[in-house]
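The values are calculated or read from the model by the stated rules, or taken from the named source; none is laboratory data. Not measured: the values here are computed from a predicted model. Here the Cβ positions follow ideal geometry from the backbone for every residue, glycine too, while neighbour counts run over all protein chains shown.
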Amino acid sequence: MSTATPKSRIENSRRGEPESASPSRVTGSSAAADLVRTLTLDEQLLLLSGQNFWQTQKIDRAGIEPVWLSDGTNGLRVAAGDGDNLGIGESIPSTCFPPASTLAASWNPPLLREVGAAVGEEAKALGVGVVLGPGLNLKRHPLGGRNFEYYSEDPLLSGILAAATVDGIQSTGTGACLKHFAMNNHERRRNTTNVIADERTTRELYLRGFQIAVTQSAPRMVMSAYNKIDGVYCSDDRRLLTDILRTEWGFDGAVVSDWGAEADRVRGIAAGLDLEMPGGLDRRRELRAALASGALLPADVAQSAARVLGLQDLARPSNLTAEAVKPLLEGHDSLARRAAAESTVVLTNDGILPLEPTTSIALIGAFAKHPRFQGGGSALVNAATVTNAFDALTEAGADISYAPGYDPADPTDDPALIADAVDIAAKAEVAVVMVGLPDIAETEGYDRATLALPPQHDALVTAVTRANPRTIVLVSSGAPVLMPWRSDPAAVLHTYLGGQASGAAIADVLLGIVEPAGRLPETFPASRDDVASDPWFPGADDQTQHREGIFVGYRHVTTAGITPQFPFGHGLGCGRTTWSNASVSAPQLTVAHAEVTVTVEVVNTGDRPTTEVVQIYAHDRSGAVLRPRRELVGFTRVLIQPGQREQVQTAIAAQALRFWDVRAHDWALPQGQVDLEVARSSEHIEAVLTLEIVDGVTDSAEQPSMAPIARTDSQFVTRLGHPMPRPDPVRPFTRNSTLGDFAQVPIGRLLQKTILSAAQKTADNPVALAMVREVTAELALRQIVLTSGGRMNWKILDVLIALGNRRPIQALARALR
Ligand code: BGC
């Protein structure tokens, strides 16, 4: 594929396509089908819910062992106690890798594979059979609370990186679980919200990453999301879990519910939701009744039980001790350090980087001693060890003075802290200022309120830069933030969240030991107004309306001609290259020759090795259908030695050029001219090549999704192709009402108070407390039973709901049932 010299490394996006069903992998499913036939119906039913919070059922008589499932996305969180899917309690120390948003900035699938394999190894050592990750929900809006856990605003990049992660985890014999399927793109009212999007948007943006990951990496599990899509809970959605996931994409593993996401267990089984988690709830009575009434078919039960049994090879004796992972930790810490350093994005650099080791540095910002290195919630890892930038730079022999500049937990304005920082900045050769979002801003359970950094952080950067123009700013956050001062410092680097070795990685980057080679996997907008989904984010009532359609991230700003703060794909690295002689292997693309290769010559004109990411965007000029101005269709990452010249090749498969044809309910190639833009970022195009698609779709009759952004109800309805669904009424209360809504009535308030005070006992810090409050208020009432491990039951809940609805007779009848 490449003419790379032995020392160069080239990785590209090719394996992300095609997206058809992969040949089926051996999962022991025929053995599972044989085994299921030896079980009684009751035993089959038992298998469909977990045994407890983290394990599947065991059946001694049949030699069926439990499989342990554990979070998470950037390292393992094996809870020491039972319960706790929110990362509040104790867990076994393990390696905290940089989260997905950070790793995505590497645009380096082999790196993600390596990290996945390391997480898989730790899982294996502990006896964990399935890692509950990666998460690859698309970043519809930069304020999504769990954006740090996800890869990108682009489905191709997300899908490829998720596939690499799954490959890595599964290379160790551990299972991976793609989550959260699907369209759980923010946190607000995630348990009850109804996501309303047109078919094309759903397919092209929100399902496509999953499609790529499923077909390219064959994950052992997929986790259904909490929300509804078009009025149907994902866990009950046959179209999603069976027609699309299995029949179209060829998924042959097991589907597990997100913890407490199951809405209607009977409907869920028929839909293809095999395993309900957490367990601890005996569903057999209810399921037997459904079988008797014909609402549930024995064949569906057997099929789901077989899929759960298909995970039997992942059942391992558990060894939940810190000792078990210890031998792996040192090597994994080095990997975490390299991953964080490589993924760091140079946003601006006037040439100040890298620093000479002897430079005197004023190191400013409490994050230098108390690093902000991961997000909160179920992904939270109890890091085996944490390095900070102060220690790492000191160890490297740098000449450091330090001032905190702000309180890391409570960044309220404090001019005295800024004055101290200015004082040391003025005396040093270089100032390095570390700012970013506090822990409380980024966690599962709620969305961010603002794109801005805490005002004290902004004021600190401005004051220090004024005192010393040779200032380097390092920003730590798992998602985009505003940097109103961005053109003042000598360099601005976005470190994302660097994981446990973030401090050492920062020292490596500043001192030139590792090139910060990251490219933004998402747009950094200049304001909320530049985010097309903003007026409908995160939604109102219990609806999430995707009125911006396919115009997410760079798809919007490139089409609307908006200049972002920093564009998708941007990252300067520390090297110098020239690009020339771009060419495409054939002028035409046909269904029969459904792939072309784009080549560009890249020369390293600097004096140190450097990494480039060649990005190829398509600009569809055919007019067959409204498309974003620019869409990523391939990329290649290459490491080039000084003075060397690389012919960098990127394969572009026809699949990447397709759109979703809502008349045919299928992918279609547009017939006509498509420009292939060879680019350093979505705003920095080096060359434009022309490609003719000769046998694509010619009929350019308007597709319903032609209106770019559906600002009016009628535009949205036209695009949806059906009337606007009404939001569910808050009353009467049902099992799907939220606890917060139920608290409008006295009995609901009492219930909320009881649950909150129990939950708060386990929350020992402000982030956990904030999360517990939000999560409790947004809990769907049914989830109180589903996550109670059997301590609460349907009868009591139904009585309370009837009382809340002021229906005493109904309450009595339910009590007597
Ligand atoms: C999260 C999942 C996680 C599960 C188990 C849920 O709250 O949404 O991502 O895997 O808990 O901890």
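Screening H593 on (1) touching a residue at least 12 places away in the same chain (Cβ under 8 Å); (2) in contact with a helix residue (DSSP H, G or I) (Cβ under 9 Å, 6 or more places away or on another chain); (3) surrounded by fewer than 18 Cβ atoms within 10 Å (Cβ to Cβ); (4) not aliphatic (A, V, I, L, M) shows it passes everything except condition (1).
When V255 is tested against the conditions (1) more than 16 Å from the ligand (Cβ to nearest atom); (2) within 19 Å of V308 (Cβ to Cβ); (3) buried (at least 22 other Cβ atoms within 10 Å of the Cβ); (4) β-branched (V, I, T), the lone failure is (1).
A Cβ distance below 7 Å, combined with a sequence gap of six or more or placement on separate chains, defines the contacts here; from the stretch 259-275, residues that are closer than 18 Å to L311 by Cα and in a loop (DSSP other than H, G, I, E, B) reach residues that are away from the ligand (no atom under 16 Å from the Cβ) and among the polar types (S, T, N, Q) in the pairs G272/T242; D274/S304. Contact map, the stretch 190-214: residues that are closer than 12 Å to Q545 by Cα and touching a residue at least 40 places away in the same chain (Cβ under 8 Å) paired with residues that are part of a strand (DSSP E or B) and hydroxyl-bearing (S, T, Y), Cβ distance under 8 Å, separation 6+ or inter-chain. Pairs shown: T193/T544; N194/T544; V195/T544; I196/T544.
In this structure, does P766 turn out to be under 23 Å from R189 (Cβ atoms), surrounded by fewer than 14 Cβ atoms within 10 Å (Cβ to Cβ) and under 29 Å from the mean Cα position of the chain (by Cα)? Write out each step before concluding.
Numbers: under 23 Å from R189 (Cβ atoms): yes; surrounded by fewer than 14 Cβ atoms within 10 Å (Cβ to Cβ): yes; under 29 Å from the mean Cα position of the chain (by Cα): yes.
Here the answer is yes, as P766 does meet what is asked.
Restricted to the stretch 33-65, and to residues there that are in a loop (DSSP other than H, G, I, E, B) and within 16 Å of the ligand (Cβ to nearest atom), the residue that is surrounded by the most Cβ atoms within 10 Å (Cβ to Cβ) is T56.
What are the residues in the stretch 400-424 that are more than 26 Å from N765 (Cα to Cα) and either touching a strand residue (DSSP E or B) at 6+ places or on another chain (Cβ under 7 Å) or in contact (Cβ under 8 Å) with a residue 60 or more places away in the chain (or both), if any? Result: I400, S401, Y402, D420, A421, I424. Among residues of the stretch 323-358 being at pLDDT 95 or above and of a type in the set (V, I, T), the one that is farthest from the ligand (Cβ to nearest atom) is I352. As a summary of the residue check, G365 satisfies the conditions (1) surrounded by fewer than 17 Cβ atoms within 10 Å (Cβ to Cβ); (2) under 30 Å from P525 (Cα atoms) except for the one numbered (1).
Taken over the stretch 778-797, the criterion of being in a helix (DSSP H, G or I) and either over 15 Å from A743 (Cα atoms) or not charged (D, E, K, R) (or both) is satisfied by L781, Q783, I784, V785, L786, W794, K795, I796, L797. With respect to R288, is the statement that it is basic (K, R), touching a helix residue (DSSP H, G or I) at 6+ places or on another chain (Cβ under 6 Å) and modelled with pLDDT of 95 or more true? Criteria not met by R288.
Would you check if G623 is among the small types (G, A, S), modelled with pLDDT of 95 or more and not in a helix (DSSP H, G or I)? Reasoning before the result, please.
Numbers: among the small types (G, A, S): yes; modelled with pLDDT of 95 or more: no; not in a helix (DSSP H, G or I): yes.
Considered against the rule, which asks whether it is among the small types (G, A, S), modelled with pLDDT of 95 or more and not in a helix (DSSP H, G or I), G623 comes out as no.
Sub-6 Å Cβ pairs linking a first residue in the stretch 779-801 that is at positive phi to a second residue that is surrounded by fewer than 20 Cβ atoms within 10 Å (Cβ to Cβ), at least 6 apart or interchain, are G789/G280; G790/G280, ordered by first then second residue. Quick check: is even one residue across the stretch 91-100 part of a loop (DSSP other than H, G, I, E, B), farther than 29 Å from P317 by Cβ and either within 16 Å of the ligand (Cβ to nearest atom) or at pLDDT below 95 (or both)? Yes; the residues of the stretch 91-100 include at least one that is part of a loop (DSSP other than H, G, I, E, B), farther than 29 Å from P317 by Cβ and either within 16 Å of the ligand (Cβ to nearest atom) or at pLDDT below 95 (or both). For the stretch 258-273, the candidate set comprises residues that are of a type in the set (D, E, K, R) and within 16 Å of the ligand (Cβ to nearest atom); within that set, the residue that is surrounded by the fewest Cβ atoms within 10 Å (Cβ to Cβ) is D258.
No other residue among A182, A213, A117 is buried (at least 24 other Cβ atoms within 10 Å of the Cβ) and within 27 Å of T344 (Cα to Cα) apart from A213.
Answer yes or no as to whether S304 is within 16 Å of the ligand (Cβ to nearest atom), under 22 Å from L178 (Cβ atoms) and part of a helix (DSSP H, G or I). Spelling it out, it is not the case that S304 is within 16 Å of the ligand (Cβ to nearest atom), under 22 Å from L178 (Cβ atoms) and part of a helix (DSSP H, G or I). Scanning the stretch 563-612 for residues that are part of a strand (DSSP E or B), closer than 18 Å to V514 by Cβ and of a type in the set (D, E, K, R) yields one hit, E612.
Answer with yes or no whether L132 is within 16 Å of the ligand (Cβ to nearest atom) and either free of Cβ contacts under 8 Å to residues at least 24 places away in the same chain or out of contact with any helix residue (DSSP H, G or I) (no Cβ under 9 Å at 6 or more places or on another chain) (or both). Before the answer, list the steps.
Values: within 16 Å of the ligand (Cβ to nearest atom): yes; either free of Cβ contacts under 8 Å to residues at least 24 places away in the same chain or out of contact with any helix residue (DSSP H, G or I) (no Cβ under 9 Å at 6 or more places or on another chain) (or both): yes.
It is true that L132 is within 16 Å of the ligand (Cβ to nearest atom) and either free of Cβ contacts under 8 Å to residues at least 24 places away in the same chain or out of contact with any helix residue (DSSP H, G or I) (no Cβ under 9 Å at 6 or more places or on another chain) (or both).
In the condition set (1) more than 34 Å from the chain's Cα centre (by Cα); (2) on the phi > 0 side of the Ramachandran plot; (3) buried (at least 17 other Cβ atoms within 10 Å of the Cβ), L417 is compliant with all but (2). Within the option set A383, A389, being in contact with a helix residue (DSSP H, G or I) (Cβ under 8 Å, 6 or more places away or on another chain) and not β-branched (V, I, T) holds for one residue only, A389.
The residues of the stretch 149-188 that are out of contact with any Leu (no Cβ under 6 Å at 6 or more places or on another chain), part of a helix (DSSP H, G or I) and within 16 Å of the ligand (Cβ to nearest atom), listed by number, are E149, V166, I169.
Would you check if there is a residue in the stretch 517-526 being of a type in the set (A, V, I, L, M, F, W, C) and outside any loop (DSSP other than H, G, I, E, B)? So far as the stretch 517-526 goes, yes, one or more of its residues are of a type in the set (A, V, I, L, M, F, W, C) and outside any loop (DSSP other than H, G, I, E, B).
Would you point out which residue out of D413, D391 is part of a helix (DSSP H, G or I), among the acidic types (D, E) and more than 24 Å from L347 (Cα to Cα)? Please lay out each step first, then the result.
Values: D413 fails: part of a helix (DSSP H, G or I).
D391 is the lone residue from the list that is part of a helix (DSSP H, G or I), among the acidic types (D, E) and more than 24 Å from L347 (Cα to Cα).
Just one residue in the set G253, G209, G231 is modelled with pLDDT of 95 or more and either in contact with a helix residue (DSSP H, G or I) (Cβ under 6 Å, 6 or more places away or on another chain) or of a type in the set (V, I, T) (or both); that residue is G209. Of the residues in the stretch 778-788, at least one is surrounded by 15 or more Cβ atoms within 10 Å (Cβ to Cβ), at pLDDT below 95 and touching a Leu at 6+ places or on another chain (Cβ under 9 Å).
Residue count for the stretch 108-129, restricted to those that are within 16 Å of the ligand (Cβ to nearest atom) and among the β-branched types (V, I, T): 2.
Whether any residue in the stretch 427-435 is part of a helix (DSSP H, G or I) and either under 24 Å from R773 (Cα atoms) or more than 16 Å from the ligand (Cβ to nearest atom) (or both) is what I want to check.
Start the filter on the stretch 427-435 by keeping residues that are part of a helix (DSSP H, G or I), which leaves 427.
So of that shortlist, the ones also either under 24 Å from R773 (Cα atoms) or more than 16 Å from the ligand (Cβ to nearest atom) (or both) come out as 427.
Yes, some residue in the stretch 427-435 is part of a helix (DSSP H, G or I) and either under 24 Å from R773 (Cα atoms) or more than 16 Å from the ligand (Cβ to nearest atom) (or both).
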